[in-house]
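What follows is a single structure, written as structure tokens, with notes after it.
The values are calculated or read from the model by the stated rules, or taken from the named source; none is laboratory data. Since we're looking at a predicted model, the values are computed, not measured. Cβ coordinates were reconstructed from backbone atoms using ideal geometry, including for glycine residues, and neighbour counts include every protein chain displayed. Each accessible area value is taken on the protein alone, full model and side chains, heavy atoms only, with ligands, DNA and RNA left out. Shrake-Rupley method; radii C 1.70, N 1.55, O 1.52, S 1.80 Å.
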Amino acid sequence: MTQSIENDLDELFKLIVPLSKGFNKKNYEGAFRQQYERFNPLFTEIAEVCEDAEGGEAAIDEIAGVLPGKMHALLAKESSKRKKENLLMQYNLGMVAFVIPLFRYGRLEVFEKIVDKMVVLWNDNEFPMDISKSTFEDIQSGFKPHFCYITTAVCQSLGKPDDCAELNLMRDYRDGYLAQQEDGADVIGEYYDIAPTIVKRIAKREDADAVYREIWQTYLYPCISLIQADRLEECRELYVDMVRSLREKYIYLCS
């Protein structure tokens, strides 16, 4: 691996958290294209190095390990499990929303190999919050309805359609008010990390419908009422409480 590749990967790693904090529907496409243009020389050089007939596979392995190695080093410096988890959630969002799509945007096979290895290495930690491969198009489409995992599952259990007023209201709140708050990207990123796992674990329970009704009554219906009353900050507090309470119950206790 050349020194210039190493330096550019270091710069990319430093950007992961700032990019995740600025992640929202309004800014995503512009931010992504700006970073792709910025790092295009890096990807060009990586492709040239990794397509070398003799040292290509070794270069792929080495490059794939750089960002996970830096992440693991940061986690090792933290003393508490909670601090490690919070740190990982920040980086997970940036990896899935920006870094992995940046690597894959050129549609070259060599970058698919790098990302495959990178994801495995990144997920090699003590936490159940694994990342997976994503593309720019995945994330763009993710701003559409299906990203409200828990709310969608609850509404489906209550017989409500995917375009029901309640879901649309929560989506608008998420992509509007919540995304613009100082900690909004962190809250949304935390939700994206854990919500699919929570939904899968609830779905395996015999009393899944009862669980979803409780979530509706305790969190979602009150959130909707607060939004309708323009008490948006109170809704944010309840939304955060929902995410973290469900995390405690269905991530930690089930792990």
Please pick out the residue among Leu74, Leu67, Leu87, Leu12 that is at negative phi and either of a type in the set (S, T, N, Q) or modelled with pLDDT under 90 (or both).
Leu87
Identify the residue in region 116-125 that is surrounded by 19 or more Cβ atoms within 10 Å (Cβ to Cβ) and either in a loop (DSSP other than H, G, I, E, B) or aliphatic (A, V, I, L, M) (or both) and, among all such residues, is nearest to the chain's Cα centre (by Cα).
Val119
Check region 41-50 and report whether any residue there is over 16 Å from Ile114 (Cα atoms), loosely packed, with under 15 Cβ neighbours inside 10 Å and not aromatic (Phe, Trp, Tyr).
yes
Anything in region 65-115 that is open to solvent by 10 Å² or more (accessible area, probe 1.4 Å), within 13 Å of the chain's Cα centre (by Cα) and β-branched (Val, Ile, Thr)? List them, or say none.
Val96
Checking the structure you have, find out if any residue of region 126-137 is in a helix (DSSP H, G or I) and open to solvent by less than 70 Å² (accessible area, probe 1.4 Å).
yes
